[in-house]
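S.K.: Could you have a look at this structure, given as C-alpha cells, before my questions?
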C-alpha cells in the first residue's frame with residue numbers, strides 16, 4: 001500500500017475531507033445564486049465581515065461561529081437596507097467590505113493578551129478542523145440544504161425576475177434576506193476551511209465551471225456540487241502529497257476545472 | 001404595505017383608489033382612480049415616462065402606494081407579462097423549466113399553454129436563445145398557465161414589427177375569447193389599440209377614459225398626443241353581452 005493511502009485514513013485527514021466536501025455541497029446552490037444574481041461583491045463583504053466577527057468574538061469571549069454569523073449578517077443587512085441612504089450600493093459594499101478587514105486587523109493588534117493566527121483566518125486551516133467544528137459544519141450544511149429545498153421555486157423565480165415573482169405572490173425582499181442569511185452561515189463554517197479571502201472563490205468558481213455543462217438551474221447546481229467536491233478532494237490530496245496550503249489548493253483545483261470546461265465550450269462554439 | 005383585499009364576490013377584480021406613488025422627490029402617479037371588472041379589456045396609453053409601468057407595478061404589488069390603495073379581490077390570480085425580461089447568461093434555463101416556475105405544472109399543461117401562443121416548438125430551447133417575439137409569447141403562455149382572472153401585458157409588443165404585433169394582438173383576443181379573463185395592457189403606440197378595449201389615458205394622473213372613439217374626441221387626448229390618430233386594430237368581434245359599453249369596430253377613429 002502506498003503511503004498516501006495510509007495518510008488518508010488518519011483521523012484529521014478524514015475530518016478535513018468531510019468538512020471540505022460538506023462545504024462544497026452547500027456552496028453549490030448558494031454559489032449558483034451568487035453567480036446568477038451577481039452577488040459576488042456582496043459575498044465578499046459577508047466574508048470579510050467574518051474577520052471582524054472572529055476578532056470581536058476573541059475580544060469579548062463570545063462563541064466564534066455565532067459571532068461570525070451575526071457580524072456577517074449585520075453588515076449585509078446594513079448594506080441592503082441602510083446603504084442606499086449613504087451612498088450607492090456598490091460603493092457601500094466596497095466601504096463595508098474593506099472597513100471590516102481593516103477594523104478587524106486593528107482590533108486584533110490591540111488585543112495584547114490574545115494571539116490571533118491571521119494567516120489561518122485569511123486562508124483557512126482545514127487540517128485543524130475539530131470534531132466540534134465538524135458537528136457545526138454538518139448542522140449548517142443540513143439546515144441550508146433543507147432551506148434551499150423548501151424555498152427553491154421562490155428563490156429561482158425572484159432571481160429570474162422580481163416583478164414576475166411579485167405577480168405570483170412572492171416577496172423578492174424576503175428571498176434576498178434568505179440568501180443573505182444562508183451566505184452568513186456558510187461564511188462562518190467555510191472560514192476554517194478556505195479562509196475569509198477565498199470563501200467567495202469557493203462560491204463562484206465551481207458554478208462558473210458548471211455553467212457550460214448545464215441546461216437547467218437544477219442541473220447546474222448538481223454539476224456544481226460534483227465539481228466542488230472534486231476540487232475539495234483534489235486540493236486536499238495535493239496539499240497532503242506536496243505540502244502546500246489546503247484552502248488555496250482547493251481553489252486552484254476548482255480553477256483548473258473552470259478552465260477545462262470553459263475552454264472546451266469555447267472550442268466547440 | 002400589503003394590498004388590502006376585496007371580498008371574493010366583489011363585482012370588481014381590482015379597485016385602484018386615490019393611488020399616489022412617489023419615488024424620492026418625483027411624483028410618478030397622482031390620484032389614480034379606476035376599477036377593473038371581470039372579463040374587460042383595458043388599454044393604458046400615455047407618452048413615455050407617464051407612469052404606465054409604475055401603474056402596472058403598483059397593481060402587481062411591486063411598488064407600495066405612497067397614498068391610496070390598490071385593492072384586489074381575494075384569491076385574484078394575476079398573469080403578468082413584463083415589458084422585457086433579461087435572462088442572465090449565467091443562468092441556464094429551458095422554456096419547459098421556466099413554465100413550471102414558481103408552481104410546477106404537468107408537461108401536458110405546459111405543452112397546451114405553449115401551443116396556445118404557438119411556441120410549443122421552443123419547449124426545449126434555452127430562454128436566452130429565444131427571439132424577443134418568441135420570448136414574449138412564452139411569457140404570455142406562462143401567464144396563462146395559472147388560469148388568470150387578470151392578464152397584465154406591459155408594452156407586450158415593444159420590439160415586435162407591425163405584422164408580428166398585429167398577430168400577437170389577434171392571439172391575445174383569441175385567448176380572451178377562450179378563457180374570458182380581464183386584460184390590462186399598456187401601450188405607447190397609438191396604432192396598436194384593441195378596438196374592444198376601454199382606454200385609460202395616463203400622464204401621472206388619469207387624463208381621460210372611455211371607448212377609443214370617446215377618448216379620441218377629448219381635448220386631453222389631443223393635448224397629450226397632438227394629431228396622432230388613435231387607430232385600433234381590426235380584431236375578432238367581442239361578444240356584446242360582456243362588453244355592452246364597447247362597440248366592436250373595424251374602422252379607424254377620425
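No value in this document is a laboratory result; all are computed from the given coordinates. Predicted model, so just to flag it, every value in this text is computed and none were measured. Heads up, the Cβs are rebuilt from the backbone with ideal geometry, glycines too, and the neighbour counts pull from every protein chain shown.
S.K.: Could you give the angle, 0 to 90 degrees to the nearest 10, between helix B:162-179's Cα long axis and the longest principal axis of the Cα atoms of chain B?
M.R.: That helix lies at roughly 90 degrees to the long axis.
S.K.: On a full-extension model of 0.36 nm per residue, what is the gain between residue B:162 and residue B:9, subtracting their alpha-carbon distance, rounded to one decimal in nm?
M.R.: On the way: separation 153, 0.36 × 153 = 55.08 nm, distance 3.99 nm.
Computed gain between residue B:162 and residue B:9 is 51.1 nm.
S.K.: Kindly provide the Kirkwood hydrodynamic radius of chain A in Å, to one decimal, from all pairs of distinct alpha carbon atoms. Numbers along the way, then the final one.
M.R.: Details: mean 1/r = 0.0525 Å⁻¹.
Evaluated on chain A, it is 19.0 Å.
S.K.: Looking at chain B, what % of its DSSP beta bridges pair antiparallel, to the nearest 5? Provide the component values of the computation, followed by the final result.
M.R.: Values: 18 of 40 bridges.
Rounded to the nearest five, the antiparallel share is 45 percent.
S.K.: Can you tell me the FRET efficiency between residue A:18 and residue A:78 if r is taken as the Cβ-Cβ distance and R0 is 41 Å, rounded to the nearest 0.05?
M.R.: On the way: r = 34 Å, r/R0 = 0.83.
The formula returns an efficiency of 0.75 here.
S.K.: Which part of the range A:193-212 falls in the paramagnetic zone of residue A:267, meaning amide N under 16 Å from the point 7 Å along Cα-to-beta-carbon?
M.R.: A:212, by backbone N distance to the label point.
S.K.: For the range B:80-146, rounded, prolate or oblate, judged on the Cα gyration tensor with a ≥ b ≥ c (square roots of eigenvalues), a/c < 1.5 rounded, else prolate if a/b > b/c? It would help to have the intermediate numbers written out before the result.
M.R.: On the way: a/c = 1.42, a/b = 1.31, b/c = 1.09.
Rounded, because the longest to shortest axis ratio a/c is under 1.5.
S.K.: Could you check what % of the DSSP bridge pairs in the protein assembly as shown are antiparallel, to the nearest 5? All intermediate terms of the calculation are to be shown ahead of the outcome.
M.R.: Details: 18 of 40 bridges.
Here the share of antiparallel DSSP bridges comes out near 45 percent.
S.K.: As a footprinting exposure proxy, order B:95, A:55 by other Cβ within 10 Å, with the fewest listed first. Walk me through the intermediate numbers first.
M.R.: Working: B:95 24, A:55 27.
Going from least to most buried by this count: B:95, A:55.
S.K.: Oh, and also: Would you mind computing, in nm to one decimal, how far apart the modelled labels at residue B:174 and residue B:25 are, each placed 7 Å from Cα along Cα→Cβ?
M.R.: 5.2 nm
S.K.: When only Cα pairs under 8 Å and 6 or more residues apart are kept, what is the percent relative contact order across the range B:80-146?
M.R.: Working: 64 pairs, mean separation 30.6, N = 67.
Once divided by the residue count of the range B:80-146, the mean separation gives 46 percent.
S.K.: As an exercise, use a Förster radius of 30 Å and the Cβ-Cβ distance of residue B:118 and residue A:173 to find the FRET efficiency, rounded to the nearest 0.05. Walk me through the numbers before you get to the answer.
M.R.: On the way: r = 36 Å, r/R0 = 1.21.
Efficiency for this residue pair is about 0.25.
S.K.: Say R0 is 56 Å: what FRET efficiency, to the nearest 0.05, do residue B:33 and residue A:41 get from their beta-carbon distance? Show your work: numbers first, answer last.
M.R.: Details: r = 43 Å, r/R0 = 0.77.
E(calc), rounded to 0.05, equals 0.85.
S.K.: Can you tell me, using C-alpha contacts under 8 Å and at least 6 residues apart, the relative contact order of chain A as a whole percent?
M.R.: On the way: 386 pairs, mean separation 78.5, N = 269.
Over chain A, the number comes to 29 percent.
S.K.: Turning to a different aspect of this structure: Give the order of A:117, B:154 when sorted by the count of other beta carbons within 10 angstrom, beginning with the fewest. Show your work: numbers first, answer last.
M.R.: Numbers: A:117 9, B:154 22.
The most exposed by this proxy come first: A:117, B:154.
S.K.: First check a/c for the range B:3-71, with a ≥ b ≥ c the square roots of the eigenvalues of its C-alpha gyration tensor; if it is under 1.5, answer rounded, and if not, answer prolate when a/b is larger than b/c or oblate otherwise. The partial results should precede the final answer.
M.R.: Values: a/c = 2.43, a/b = 1.45, b/c = 1.68.
Judged from the Cα gyration tensor, the range B:3-71 comes out oblate (a/c at least 1.5, b/c at or above a/b).
S.K.: Counting each DSSP H run of 4 or more residues in the protein assembly as shown as -39500 (n - 2.57), what helix-only mean residue ellipticity at 222 nm follows after dividing by all residues, to the nearest 500 deg cm²/dmol?
M.R.: On the way: 20 runs with 288 residues, N = 523.
The per-residue figure over the protein assembly as shown is -18000 deg cm²/dmol.
S.K.: Can you sort A:61, A:168, A:100 so the residue with the fewest Cβ neighbours within 10 Å comes first?
M.R.: On the way: A:61 7, A:168 22, A:100 25.
Going from least to most buried by this count: A:61, A:168, A:100.
S.K.: Answer rounded, prolate or oblate for the protein assembly as shown, using the Cα gyration tensor with square roots of eigenvalues a ≥ b ≥ c: rounded when a/c is under 1.5, else prolate when a/b is larger than b/c, else oblate. Show your work: numbers first, answer last.
M.R.: Details: a/c = 2.98, a/b = 2.06, b/c = 1.45.
Prolate.
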